[in-house]
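Have a look at the structure below before the remarks.
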Amino acid sequence: MEKHLHIVSSTIPYPAVYGSMADRFYKLPALAAAGIHIHLHCFGDDAAPLPPCLTQYCASVHVYPHSRISAATILQLPCMVASRKNEQLFQRLLHDDYPVLMEGIHCTALLLDDRFAGRRCFVRLQQVQHRSYQQQARQSANLLRKWYYRHQASLLLQHEQRIAGKAVFITSLDADADFYREYMQYRHTAVLPLFIPQQQVNSEEGSGSYCLYHGDLSAGHNEQAASWLLNQVCRNIDVPLVIAGCNPSPRLQQQARQWTNTCVVANPSAPELQDIIRKAHIHLLPSFTNTGVPGKLLNALFNGRHCIAHAPVLRSTGLSAICHAAGVTAQWIQQISALYRQPFTLRDITLRKQVLLQRYNNAGNAATFIQWIWER
């Protein structure tokens, strides 16, 4: 019997340049290889040509423009949810009774629609979204932006409470699943590791040439992390630092120019970024949001050498054995100073393989997901 699955994505899941996007994209070939007929629905520019790789793995692909948000709606739903409430999408989903996977809380407006009551629905959660917005509100210095994040956090919490019990909610961390079960009273939760681009550890022995921070630099929390490294850590230690990623702000680039040992590589191609990662000696992964598993952490672990991350980020990832944890600024400086003189060894690589390949296996995780949908 053929198995069909609707997947609703908040964005077109390509290019897979960061963690949540990689999870969405690499889920497609893994499910397709297992014989699942995927019907992909995503939000974006419906006039732009579709990446050929999407039609390669999907039986059908539909793109929808973001919806306009009325004044009444904005008081009831978070913006990220309201802008993806689309009747054309709903009508397509109602043509059959295939199960529906929603990629992110963004796509869950349909769970409030009685027409989908009783439908087999699943929601992939990359993080506890309302907590992420609360953290961004605390960190923002802009009063208007701080108010916006607080308002959206409140609406997100209300929305997450309304949809409890209407789907199976799938997190990538045990800690997030525990939060939804214990504090949000979600009856149906499950844990599934991220789907990832690489299925082998490509880290090289020896020593690299610099420390590296990489990520989507247009995201506020990533710019904050890069700025913190420039102004609090690397200005106090004589090691080279490279910051690489898409769309760095003029402010961040100006900060990097203040020091002779730092630079920003703006908008590297995917092969260029992987080469930068391969040549680095230490990957610096500060995070001030502590939600989800950062995709850049996995990228560094599969392809780079030493990794230092904030201790709270590592706490529930199962990756502490292959990372170095740091907290306050002095600990970061101490760890960098020690590791910069320490070659990366075959023993380090062997341990990484043991830890990573047991947890991050796309084919195995696809089989688990398929079992949840069709074999329970």
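The values are calculated or read from the model by the stated rules, or taken from the named source; none is laboratory data. Only a predicted model underlies this, so the values are computations on that prediction, with no experimental measurement involved. Cβ coordinates were reconstructed from backbone atoms using ideal geometry, including for glycine residues, and neighbour counts include every protein chain displayed. When the accessible area is computed, the model is the full protein with side chains, heavy atoms only, and any ligands, DNA or RNA have been set aside. Shrake-Rupley method; radii C 1.70, N 1.55, O 1.52, S 1.80 Å.
Odds and ends about this structure:
- Rounded to 10°, Cα long-axis angle of helix 270-279 versus longest principal axis of the chain: 40 degrees
- Residues whose amide H comes within less than 5 Å of that of residue 67, counting only those at least five positions distant or on another chain, are 84, 85 (H built at 1.01 Å from N in the peptide plane).
- Over all orientations, the chain has a Cα convex hull whose mean projected area works out to 18.8 square nanometres.
- The share of C-alpha pairs in the range 136-242 whose separation exceeds 16 Å stands at 75 percent.
- The candidates 27, 3, arranged from most to least accessible area with a 1.4 Å probe in the full protein assembly, appear as 3, 27.
- Globularity index of the range 74-115 is 1.16 (Cα radius of gyration / 2.2 N^0.38 Å, N = number of residues).
- Per residue, the chain exposes an accessible area of 45 Å² to a 1.4 Å probe, with every protein chain left in place.
- Ranked by the mean number of other Cβ atoms within 10 Å of their residues, highest first, the peptides 352-359, 281-288, 269-276 come out as 281-288, 352-359, 269-276.
- Debye log10 I(q)/I(0) for the range 1-81, one point scatterer per Cα, at q = 0.17, 0.20, 0.26 Å⁻¹: -0.72, -0.90, -1.26
- Global size of the range 205-280 as Cα Rg and Dmax, reported in angstrom: 11.8, 36
- For residue 157, the shell of other residues with beta-carbons less than 13 Å away shows a net charge of +2, using +1 for Lys and Arg and -1 for Asp and Glu.
- With all protein chains in place and ligands, DNA and RNA left out, the 1.4 Å accessible area ranks 329, 55 as 55, 329, largest first.
- Fraction of the pair-distance distribution of the range 1-139 above 19 Å, Cα-Cα pairs, percent: 53 percent
- Span from the the range 244-278 Cα centroid across to the the range 300-357 one, whole angstrom: 22 Å
- Remark: relative contact order (the chain) = 15 percent; criterion is Cα-Cα distance under 8 angstrom and separation of 6 or more residues.
- A convex hull fitted around the alpha carbon atoms of the range 239-327 yields 110 Å³ per residue.
- Mean sequence separation of contacting Cα pairs (under 8 Å, at least six apart), scaled by the length of the range 55-161, corresponds to a relative contact order of 23 percent.
- A cut-off under 14 angstrom between Cβ atoms defines the neighbours of residue 285, and their net charge, with Lys, Arg +1 and Asp, Glu -1, is +2.
- Electrostatic bookkeeping for residue 66 treats Lys and Arg as +1 and Asp and Glu as -1; over the other residues with beta carbon under 11 Å from its beta carbon, the sum is +1.
- Solvent-accessible ranking of 85, 296, largest area first, probe 1.4 Å: 85, 296
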